[in-house]
Amino acid sequence: MDRRETAALLAYVGRLDPRTVRTDPGEVRDQLNQWHALLGDQDDGVPLVTGHGWDARVAARRHIRSSPYPILPADIVRPWDLYRRERLSKHSDPTPSVDPDDQAAWTAELVGTRRAVAAGTAQPAQAQAITSGRDGIDPRLKARLREIGSPIPPAAREALAPYRPARAAREAAVTQGLPDALSVRCEWCQAPVGEPCRRRRIGPNDGVRAATPRATPHPGRLDLAAAQQAQRTEQAQQPALA
């Protein structure tokens with residue numbers, strides 16, 4: 001705030017709390033100089049009011065209502081700092097409009113946007129979610145995903161299949177509508193969710209010497225995955241039947 005706005009704030013505070021009023025011209029000048037030095041219009045100054053929710057008079061009134069002590073400039077600075085932190089916590093840096101190869105201009109636009117948000121002259125930029133409402137993925141995103149397809153080209157997927165047989169078997173099962181065995185834990189070999197089943201090699205003393213991945217899951221794991229899939233399907237159909 002400039003010197004005139006600082007004087008207006010002091011006059012407003014004086015009407016609410018007469019203890020802050022100075023009558024001697026020298027004391028009035030010193031008080032104004034002190035407040036303006038702390039709230040002035042330098043880079044880290046406090047504005048009198050912004051277009052997005054900040055008003056120094058509101059901060060002053062709240063302090064006078066809640067504190068028995070005379071107000072000080074710091075009692076305006078603290079709410080202002082909190083206001084700035086809250087706004088920056090809601091801000092997600094938008095992509096600058098300048099050439100990304102111009103590092104100086106790119107950084108300058110990011111910094112300028114953050115300063116405008118913190119100063120209350122611009123609204124925080126919110127990151128857009130990829131989903132909307134209770135209907136799941138946005139239809140526009142579904143259409144885009146259909147256009148893009150799989151991140152792995154079909155030819156590359158086929159070439160990689162011999163080197164990851166468990167993954168290939170899992171993808172084939174899901175494509176055919178069969179239950180995903182790796183979505184459950186294997187009770188036989190204790191393979192966790194997402195990990196392929198393992199074949200245990202027993203040593204001469206009945207100890208496990210090694211455990212190598214299996215290309216196909218154990219039958220019990222398949223049965224458990226099928227049972228869970230059937231249960232989910234039944235639960236999904238219950239509201240429609242009701």
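Identify all residues within segment 145-186 that are surrounded by 11 or more Cβ atoms within 10 Å (Cβ to Cβ) and modelled with pLDDT under 65; write none if there are none. Correct list: LEU145 only. Selection of segment 22-70 for residues being part of a helix (DSSP H, G or I) and in contact (Cβ under 8 Å) with a residue 40 or more places away in the chain yields ALA56, ARG57, ALA60, ARG61, ILE64. Answer yes or no: is there a residue in segment 21-29 that is at pLDDT below 95 and buried (at least 16 other Cβ atoms within 10 Å of the Cβ). Among the residues of segment 21-29, not one is at pLDDT below 95 and buried (at least 16 other Cβ atoms within 10 Å of the Cβ), which makes the answer no.
Can you find even one residue in segment 71-84 that is exposed (fewer than 15 other Cβ atoms within 10 Å of the Cβ), touching a residue at least 24 places away in the same chain (Cβ under 8 Å) and under 25 Å from the mean Cα position of the chain (by Cα)? For segment 71-84, residues exposed (fewer than 15 other Cβ atoms within 10 Å of the Cβ), touching a residue at least 24 places away in the same chain (Cβ under 8 Å) and under 25 Å from the mean Cα position of the chain (by Cα): absent.
For ARG199, state whether it is basic (Lys, Arg) and either in a helix (DSSP H, G or I) or at pLDDT 75 or above (or both). Criteria met by ARG199.
Matching residues to (1) over 30 Å from the mean Cα position of the chain (by Cα); (2) surrounded by fewer than 14 Cβ atoms within 10 Å (Cβ to Cβ):
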site: ALA11; (1), (2): yes, yes
site: PRO18; (1), (2): yes, yes
site: LEU32; (1), (2): yes, no
site: THR50; (1), (2): no, no
site: SER67; (1), (2): yes, yes
site: LEU88; (1), (2): no, yes
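Right, PRO213: open to solvent by 70 Å² or more (accessible area, probe 1.4 Å), at negative phi and at pLDDT 80 or above or not? Here the answer is yes, as PRO213 does meet what is asked.
Pairing residues of segment 228-239 that are surrounded by 10 or more Cβ atoms within 10 Å (Cβ to Cβ) with residues that are part of a helix (DSSP H, G or I) and modelled with pLDDT of 75 or more, at Cβ distances under 9 Å and at least 6 apart in sequence or on separate chains, gives GLN228/SER183; GLN229/SER183.
Take the residues in segment 115-130 that are hydrophobic (A, V, I, L, M, F, W, C) and either out of contact with any Ser or Thr (no Cβ under 8 Å at 6 or more places or on another chain) or modelled with pLDDT under 80 (or both); name whichever of them is most open to solvent (accessible area, probe 1.4 Å).
ILE130
Every test in (1) open to solvent by 50 Å² or more (accessible area, probe 1.4 Å); (2) at pLDDT below 85 is passed by LEU222 save one, and that test is (2).
The values are calculated or read from the model by the stated rules, or taken from the named source; none is laboratory data. None of these values were measured; they are calculated from a predicted model. Heads up, the Cβs are rebuilt from the backbone with ideal geometry, glycines too, and the neighbour counts pull from every protein chain shown. Surface accessibility is based on the protein's heavy atoms, side chains included, excluding ligands, DNA and RNA. Shrake-Rupley method; radii C 1.70, N 1.55, O 1.52, S 1.80 Å.
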